[in-house]
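Remarks on the structure that follows.
The values are calculated or read from the model by the stated rules, or taken from the named source; none is laboratory data. Remember, it's a predicted structure, so these values are computed and weren't measured experimentally. Glycine gets a Cβ as well: all are built from the backbone with ideal geometry, and neighbour counts include every protein chain shown. Each accessible area value is taken on the protein alone, full model and side chains, heavy atoms only, with ligands, DNA and RNA left out. Shrake-Rupley method; radii C 1.70, N 1.55, O 1.52, S 1.80 Å.
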Amino acid sequence: MPLVTTKDMFAKAYEGGYAIGAFNINNMETIQGIVEAGKLEKAPLILQVSSSARKYANSKYLVKMVQAAVEDSGLPICLHLDHGDSYDLCVDCIKDGFTSVMIDASSHPLAENIKITAEVVKYAHDHGAVVEAELGRLAGVEDNVKVSESDALYTDPEEAAEFVEKTGVDSLAIAIGTSHGAFKFKGDAKLRFDILEKVSELLPKFPIVLHGASSVLPDYVKMVNDFGGAMPGAKGIPEDMLRKASSMAVCKINVDSDLRLAFTAAIRKHFAENPAHFDPRQYLGDGRKLVTECVRHKLVHVLGCAGHAF
Ligand code: G3H
Ligand code: 13P
Ligand code: ZN
């Protein structure tokens, strides 16, 4: 099976009341860790690449490794550009073999966001790819830019409906209180399910995306801190909220911070327990194993997409 788009995955997820996990990739071990979990749980997967990941690893290497993952696993896998910031970047990725791109023009005024998104949609649809866009602004850190909780903007449901109609986009990321990074809330997590509900009333059966949706698993934060790290106050989205969102119109849940945490926690533990080791396969292998464990947990207990690969 070649790389797939998200069209079929999202239609089934919407009907089935579950969500597909979109996991950020930067290197071979993370790809293998995620895909092993998908194999064990028979889950469809979205592997996504940010522009900084593209610079770090070289897009061509990532594409080839993801193609190898498809061949090795036989799973339906979509290769997606995360937070594309320009038309040209989206086009480059589609030319490289990506089956889905996100054009994130959410920092522009609405009319400009609509114009840029519609241009990307035209190119993508002409070339067999699908497009995610964003409306609203999430708090947190993205490409080293920090947006404070007070500067975040919730998505306006009426604008979302207008945006989808005018752009022809295939899915939409909305801001309902999630936030990028490992330090999402000072107090209690609050998600505006009323906004999600209203968006789905105005856009029936339309797939919604949640960014900034890591749960920042406390066990991994503890492991990092126990083995020499310093991440006091790290906090994510409670898993019951993510499960609720998955049962509603949310069809794609983005996870990056949890993978970073799992990878780092395992490597810190490895070095603390094996100070003489210097073969990267030993500690990267532990990182890869904990990524698999983390992703399996999400597929089964948070996203509900285990068993839905075929
Ligand atoms: O939403 C942002 C993702 O976590 C990607 O982060 O740009 O540091 O790769 P990055
Ligand atoms: P987290 O930082 O919560 O993992 O969010 C990742 C994300 O939204 C990638 O686009
Ligand atoms: Zn994001």
Task: Lys/Arg +1, Asp/Glu -1 at C-beta; the chain dipole; positive extreme among A57, T178, Y87 - done: A57
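Please get the size of the charge dipole for the range 1-117, origin at its Cα centre, with Cβ charges of +1 on Lys and Arg and -1 on Asp and Glu, quoted in debye to the nearest 20. The partial results should precede the final answer.
Working: 10 positive and 14 negative charges, 27 e Å.
Dipole about the Cα centre, nearest 20: 140 debye.
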- [ ] Mind scanning K42/K166; K186/K222; K222/K289 and naming the pairs with a C-alpha gap bigger than 26 Å?
- [x] K42/K166
- [ ] Determine the calculated [θ] at 222 nm for the chain from helices alone, applying -39500 (n - 2.57) to every DSSP H run no shorter than 4 residues and normalising by the residue count; nearest 500 deg cm²/dmol.
- [x] -15000 deg cm²/dmol
- [ ] Quick one: pull the percent of accessible area on the chain belonging to carbon and sulfur, 1.4 Å probe, ligands and nucleic acids left out.
- [x] 53 percent
Open item on the list: Give me the net charge for the shell around G97: Cβ to Cβ below 12 angstrom, other residues only, Lys and Arg +1, Asp and Glu -1.
Closed with: +1
TODO: List every residue whose amide H lies under 5 Å from the amide H of S100, counting only residues 5 or more places away in sequence or on a different chain, with H placed 1.01 Å from N in the peptide plane.
DONE: L79, L81, V130
Task: Calculated FRET value between E165 and E273, using beta carbons and R₀ = 41 Å, to 0.05 - done: 0.15
- [ ] Against the globular-protein guess of 2.2 N^0.38 Å, express the Cα radius of gyration of the range 77-125 as a ratio, rounded to two decimals.
- [x] 1.08
- [ ] For each pair in K64/K122; K60/K235; K7/K60, compute the distance between the two Cα atoms and list the pairs where it is over 28 Å.
- [x] K60/K235
- [ ] If a/c stays under 1.5 just call it rounded; otherwise compare a/b with b/c (prolate if a/b is bigger, oblate if not). Do that for the range 13-120, with a ≥ b ≥ c from the square roots of the Cα gyration tensor eigenvalues.
- [x] oblate
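Write out the trypsin sites (Lys or Arg not before Pro) in the range 195-247 meeting two conditions: DSSP loop, and at most 15 other Cβ atoms within 10 Å of their Cβ. Could you put the intermediate results ahead of the total?
Working: sites: K198, K205, K222, K235, R243, K244; in loops: K205.
When the trypsin sites (Lys or Arg not before Pro) of the range 195-247 are filtered for loop state and at most 15 Cβ neighbours within 10 Å, K205 remain.
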Task: Area accessible to solvent at M223, 1.4 Å probe radius, in Å² - done: 40 Å²
Open item on the list: For the range 162-235, what does the accessible surface come to per residue with a 1.4 Å probe? Please give it in Å².
Closed with: 44 Å²
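Once the other residues with Cβ under 10 Å from the Cβ of Q48 are scored (Lys, Arg +1; Asp, Glu -1), what is the net sum? Please report the intermediate quantities before stating the final value.
Details: positive: K252; negative: D82, E132, D256.
Around Q48, the surrounding residues sum to -2.
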Open item on the list: Can you tell me the mean projection area, over all orientations, of the convex hull of the chain's alpha carbons? Units nm², please.
Closed with: 14.7 nm²
Open item on the list: If amide hydrogens are placed 1.01 Å from N in the peptide plane, which non-local residues have theirs closer than 5 Å to the one on S106?
Closed with: E134
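Please compute the contact order of the chain in relative form: average sequence separation of alpha-carbon pairs under 8 Å and at least six residues apart, divided by the residue count, as a percent. Numbers along the way, then the final one.
On the way: 637 pairs, mean separation 71.3, N = 310.
About 23 percent, as a whole number.
Suppose R0 equals 35 Å; then what is the FRET efficiency for R192 and H125 from their Cβ-Cβ distance, rounded to the nearest 0.05? Please report the intermediate quantities before stating the final value.
Values: r = 31 Å, r/R0 = 0.88.
Rounded to the nearest 0.05, the efficiency is 0.70.
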Task: Per-residue HN-Hα couplings for the range 114-124 [Karplus 6.51, -1.76, 1.60; θ = phi - 60°; Hz; x = Gly/Pro] - done: 4, 5, 5, 4, 4, 5, 5, 4, 4, 5, 4
Open item on the list: So, R0 is 35 Å and r is the distance between the beta-carbons of D226 and S52; what FRET efficiency does that work out to, to 0.05?
Closed with: 0.75
TODO: Work out from phi, with θ = phi - 60° and the Karplus expression 6.51 cos²θ - 1.76 cosθ + 1.60, the ³J(HN,Hα) of each residue of the range 70-79, listed in order in whole Hz, and give x for Gly and Pro.
DONE: 5, 4, 6, 9, x, 7, x, 10, 10, 9
